[in-house]
Each structure stands twice: as structure tokens, then as C-alpha cells.
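Colleague: Have a look at this one before I ask anything.
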Amino acid sequence: MLRVSLILLAWITFIGCGNEQAAKVSDKFMPDNNLWMEDSLDFASNISEELFGTIIDTAYALYAPIAEEWDEELDIQKLWSNGTVNADAWRNGYGSARIRMYGGMARRSEVIPIGFALVLCHELGHLYGGTPYVQASVKMAAEGQSDYYGAGWCLKNIAEKLYDPSEITITPYMKKVCGGDETCLRQLAGGQSLGILLSKLNGEAAPDFETPDPAIVKRTNVSYPKTTQCRLDSYHNGTLGKPRPLCWYKP
């Protein structure tokens, strides 16, 4: 009888762990990479540890009430000393949503403060950005949707609440589409900085807001868009309230 009970307990434990693993879906800002090898705590960057924390705190204050509406607790981990050049988010299906933000991403010379905020908004977009989903059972938004939503509502609200005196590069095109809207200009500048980082990772030429990806997908791509330009198009359209780019989205 004791042996049967132990076997039953082991089986229940196994099933429970399996269900938890099945419920957990994790998504990253960009594919795994070895850019951490270029990182050190003395890396010349645009973001200090203090600003790193301020950006995360600003986003948390904005999204903690939203997480409560989803009946879950949001935890954004500040991993300043970790050299990983990425960010990730996951929801385990048991009232818990987690995001990890790494110092290695913040210390990249390509990444300006509002660009780092956009990385965080991308991860928040996975959790709260809506359809299309990577996996509907845990309501984790697709990569393109996370870019699009993150550059729009999320980044706009963070930019309006975040004191950021840093200089940004403003092109004539950005002035034309944003006019005198400083928040819009910062949103686009953040997307531009990430476009430069992603193009380096992918070995591509830097993308440009004025040369959108002409590809039209036959079905919605829930994974990473095929080109860095396509990702920049999502930042652009999300900021300006335009439709999702057809290079990853099928209406």
C-alpha cells in the first residue's frame, strides 16, 4: 500500500510540473545572441544604473494596475549587472507575469533611454498587447504585435511621464510626420535606435523610416519579422497610429 501511495504521489507531482511547464510561455525581445561578450560594467552607454531603474519604475507604475485587471501580479526584475543583451517576459498561468530587464541591453551604445523603454514596452506588449497571439491559451502577443503596441500606447505614456534630458537624432522625415509633438519624436527616435541595434545583430543595413518593407505576407507571422526594416515599420506605424505593417500582419 505504501509503495502504491508513493507511486501515485510521484505521478501527481510529475503531472503538476508538466502542467506548469505547459502553461509557461516565454518571449524575448530578440533572438539569443553573443553580444554579451562585448559588455562590461565600464561600457560607454547612454543609460546610467539610476536611469535604468527609473525607466523600469515608471513602466511598473503604469502597468501594475493593468496587471491587477488581468488578476495577476506583475514583477519586473532589474538585472543591471547581467550583461545579457536582451529582455524577456513570461506568464505562467497561475496569476504571475514576469519580465527580466538586463543591464547589457541598457549599456549598448546604440540604445538611447527611450529605446530602452521601447524594449521594456515590447515585453509589456507580449503580456498586454492583445492579438494576434503567439499562443492564445496564455494570451502572449506575437512579436510584431508587441513591437506595434509597445511603440504606440505603451511608449507614448512612458515618454510623457519620464524625465529624459538626453539628446535625440531628429531627421527631416520625423519632423514632417510628428510636427512639433515632442513625444512622437522621442517615440520614433527610440525605434530608430533599436533598428540600428537589430541591424547590427542581423548583419543588415540600418533600416529607414522612409523605405518600408514591401513584403506582403500570406498569413500573419507570429514570430520575429523577417527583416529589421519590418520591425522598424511596426515602431513607425504604432507611433503614428497607422495599420499594422503587411510585412508581418495579414488582416
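The values are calculated or read from the model by the stated rules, or taken from the named source; none is laboratory data. This structure is a prediction, so every number in the text was calculated from the model and none was measured. As a convention, Cβ positions derive from the backbone with ideal geometry for all residues, glycine included, and neighbour counts pool all protein chains shown.
Colleague: Only one of these conditions is not met by Gly195: (1) surrounded by 14 or more Cβ atoms within 10 Å (Cβ to Cβ); (2) closer than 30 Å to Tyr94 by Cα; (3) not acidic (Asp, Glu). Which number is it?
Modeller: Exception for Gly195: condition (2).
Colleague: Now a separate question. Identify, by number, the condition in (1) surrounded by 13 or more Cβ atoms within 10 Å (Cβ to Cβ); (2) out of contact with any Leu (no Cβ under 7 Å at 6 or more places or on another chain); (3) under 13 Å from Tyr102 (Cβ atoms); (4) at pLDDT below 95 that Lys78 doesn't meet.
Modeller: Here Lys78 clears every test but (4).
Colleague: Sticking with this structure for a sec: Would you check which residues across the stretch 54-71 are of a type in the set (D, E, K, R) and either part of a helix (DSSP H, G or I) or within 17 Å of the chain's Cα centre (by Cα) (or both) and list them? Show your work before the answer.
Modeller: The initial filter retains those residues of the stretch 54-71 that are of a type in the set (D, E, K, R), namely 57, 68-69, 71.
Of everything in the stretch 54-71, those that are of a type in the set (D, E, K, R) and either part of a helix (DSSP H, G or I) or within 17 Å of the chain's Cα centre (by Cα) (or both) turn out to be Asp57, Glu68, Glu69.
Colleague: In the stretch 132-144, what count of residues is obtained for those that are buried (at least 23 other Cβ atoms within 10 Å of the Cβ) and either over 10 Å from the mean Cα position of the chain (by Cα) or of a type in the set (Gly, Ala, Ser) (or both)?
Modeller: Taking the stretch 132-144 first, the residues buried (at least 23 other Cβ atoms within 10 Å of the Cβ) are 140-144.
If we keep only those that are either over 10 Å from the mean Cα position of the chain (by Cα) or of a type in the set (Gly, Ala, Ser) (or both) too, we end up with 140-142, 144.
Within the stretch 132-144, residues that are buried (at least 23 other Cβ atoms within 10 Å of the Cβ) and either over 10 Å from the mean Cα position of the chain (by Cα) or of a type in the set (Gly, Ala, Ser) (or both) number 4.
Colleague: Sort through Thr220, Thr239, Thr211, Thr183 and tell me the only one that's over 30 Å from Glu38 (Cα atoms), β-branched (Val, Ile, Thr), in a loop (DSSP other than H, G, I, E, B) and touching a Lys or Arg at 6+ places or on another chain (Cβ under 9 Å). Give the derivation first.
Modeller: Details: Thr239 fails: in a loop (DSSP other than H, G, I, E, B); Thr211 fails: touching a Lys or Arg at 6+ places or on another chain (Cβ under 9 Å); Thr183 fails: in a loop (DSSP other than H, G, I, E, B).
Residue meeting the stated conditions: Thr220.
Colleague: Could you check how many residues of the stretch 84-125 are closer than 20 Å to Ser45 by Cβ and assigned to a strand (DSSP E or B)? Give the steps one after another, and end with the answer.
Modeller: Quick first cut of the stretch 84-125, residues closer than 20 Å to Ser45 by Cβ only: 84-87, 100-123.
From what is left, the residues that are assigned to a strand (DSSP E or B) are 87, 100-102.
Number of matching residues: 4.
Colleague: Right, here's the next one. Which of (1) within 19 Å of Leu201 (Cα to Cα); (2) crowded, with 23+ Cβ neighbours inside 10 Å is the odd one out, the single condition Glu110 does not satisfy?
Modeller: Of everything listed in (1) within 19 Å of Leu201 (Cα to Cα); (2) crowded, with 23+ Cβ neighbours inside 10 Å, Glu110 misses just condition (2).
Colleague: Yes or no: the stretch 119-131 includes at least one residue that is more than 14 Å from the chain's Cα centre (by Cα) and modelled with pLDDT of 95 or more. Reasoning before the result, please.
Modeller: Restricting attention to the stretch 119-131, the residues satisfying the condition of being more than 14 Å from the chain's Cα centre (by Cα) are 131.
Filter once more, so that each one left must be modelled with pLDDT of 95 or more: 131.
Yes; the residues of the stretch 119-131 include at least one that is more than 14 Å from the chain's Cα centre (by Cα) and modelled with pLDDT of 95 or more.
Colleague: Taking the condition of being within 19 Å of Lys226 (Cα to Cα), part of a helix (DSSP H, G or I) and not acidic (Asp, Glu), how many residues in the stretch 126-165 meet it?
Modeller: 8
Colleague: Additional query: Here is a list of conditions, (1) touching a residue at least 40 places away in the same chain (Cβ under 8 Å); (2) β-branched (Val, Ile, Thr); (3) surrounded by fewer than 19 Cβ atoms within 10 Å (Cβ to Cβ); (4) in contact with a Cys (Cβ under 8 Å, 6 or more places away or on another chain), and Ile158 meets all of them except one; can you say which number that is?
Modeller: Checking Ile158 against (1) touching a residue at least 40 places away in the same chain (Cβ under 8 Å); (2) β-branched (Val, Ile, Thr); (3) surrounded by fewer than 19 Cβ atoms within 10 Å (Cβ to Cβ); (4) in contact with a Cys (Cβ under 8 Å, 6 or more places away or on another chain), the one that fails is (3).
Colleague: Taking the conditions exactly as written (over 17 Å from Leu155 (Cβ atoms), modelled with pLDDT of 95 or more and buried (at least 23 other Cβ atoms within 10 Å of the Cβ)), does Thr228 satisfy them or not?
Modeller: Working: over 17 Å from Leu155 (Cβ atoms): yes; modelled with pLDDT of 95 or more: yes; buried (at least 23 other Cβ atoms within 10 Å of the Cβ): yes.
The answer is yes for Thr228.
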